[in-house]
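See structure below.
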Amino acid sequence: MIKIILLTVALLIAGVLVFAATKPDNFRVERSIVIQAPAEKVFVLINDFKQWETWSPWDKKDPSMKRSFGASTTGKGASYAWEGNSDVGQGSMEIFEAIAPTRIRLKLDFVQPFEAHNVVTFTLTPRGDSTTVSWAMEGPASYFTKIIHVFINMDSMVGKDFETGLASLKSLAEK
């Protein structure tokens, strides 16, 4: 009986490992929203790390998060680091591209709960009196990450936070 249980467990583990190997080598999560405000107004809220406290979903998950800012908080070269509870972890961001008022790209490095190096892109598309804002994150999926993706849907998990953040950004920009 114990041999059957051990064999079953071994087969399940092998199945998960084989299935994980079939997952893509990269991931991408993206959400968009239409904001009734000019792109210039929205751009300023994203391009300044000190403004993130007003709309970022992670700032609401841990209001006592420790934050530190680099010499610049806006535009190319601006940097920001945080250390928080288990909901927000620890990491840093740096803006490496800021093209007003249409695109901001960030290097996003997580230290905890696990190490990860991703790229975040905010694309702002003016449409008359409104702006479509897209928030995307992409990065490599290591084999360990692929195993996690067997059990956790990254798009659903991170996508919900993007939706919350975009809704907050919309509310703030439309004031």
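The values are calculated or read from the model by the stated rules, or taken from the named source; none is laboratory data. Everything numeric here is computed off the predicted structure, so don't read it as measured data. Neighbour counts run over all protein chains shown; Cβ positions are idealised from the backbone, glycine included.
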Residue match in segment 48-64 (condition: over 20 Å from the mean Cα position of the chain (by Cα), in a helix (DSSP H, G or I) and of a type in the set (Phe, Trp, Tyr)): no
Considering residues of segment 117-134 that are under 14 Å from the mean Cα position of the chain (by Cα) and not polar (S, T, N, Q) only, the residue surrounded by the most Cβ atoms within 10 Å (Cβ to Cβ): Phe122
Answer residue from segment 107-131, given it is touching a residue at least 40 places away in the same chain (Cβ under 8 Å) and among the hydroxyl-bearing types (Ser, Thr, Tyr) and is nearest to Arg28 (Cα to Cα) among those: Thr125
Matching residues, segment 9-40, being of a type in the set (A, V, I, L, M), closer than 28 Å to Trp135 by Cα and at pLDDT 90 or above: Val29, Ile33, Val34, Ile35, Ala37, Ala39
Residues located in segment 70-98, provided they are loosely packed, with under 15 Cβ neighbours inside 10 Å, touching a strand residue (DSSP E or B) at 6+ places or on another chain (Cβ under 9 Å) and either under 22 Å from Glu163 (Cα atoms) or hydrophobic (A, V, I, L, M, F, W, C) (or both): Ala71, Ser86, Phe96
Selection count, segment 135-175, where residues are hydroxyl-bearing (Ser, Thr, Tyr), surrounded by 15 or more Cβ atoms within 10 Å (Cβ to Cβ) and either touching a Phe, Trp or Tyr at 6+ places or on another chain (Cβ under 6 Å) or modelled with pLDDT of 95 or more (or both): 2
Flag if Thr102 is under 14 Å from Ile46 (Cα atoms), of a type in the set (S, T, N, Q) and either without any contact (Cβ under 8 Å) to a residue 12 or more places away in the chain or surrounded by 16 or more Cβ atoms within 10 Å (Cβ to Cβ) (or both): no
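Which one of these is aliphatic (A, V, I, L, M) and either part of a strand (DSSP E or B) or modelled with pLDDT of 95 or more (or both): Leu6, Leu108?
Values: Leu6 fails: either part of a strand (DSSP E or B) or modelled with pLDDT of 95 or more (or both).
The conditions single out Leu108.
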Subset of segment 111-134 [touching a Leu at 6+ places or on another chain (Cβ under 6 Å) and not aliphatic (A, V, I, L, M)]: Asn118, Thr131
Subset of segment 135-170 that is in contact (Cβ under 8 Å) with a residue 12 or more places away in the chain and of a type in the set (Gly, Ala, Ser) - its residue that is farthest from Gln36 (Cα to Cα): Ala141
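If a residue must be closer than 26 Å to Thr131 by Cβ, outside any loop (DSSP other than H, G, I, E, B) and in contact with a Phe, Trp or Tyr (Cβ under 7 Å, 6 or more places away or on another chain), how many such residues does segment 80-102 contain? I'd like the intermediate steps shown before the answer.
Residues of segment 80-102 closer than 26 Å to Thr131 by Cβ: 80, 93-102.
Narrowing the set further to residues that are outside any loop (DSSP other than H, G, I, E, B) leaves 80, 93-99.
Now narrow it down to the ones that are in contact with a Phe, Trp or Tyr (Cβ under 7 Å, 6 or more places away or on another chain): 80, 93.
Total satisfying the criteria: 2.
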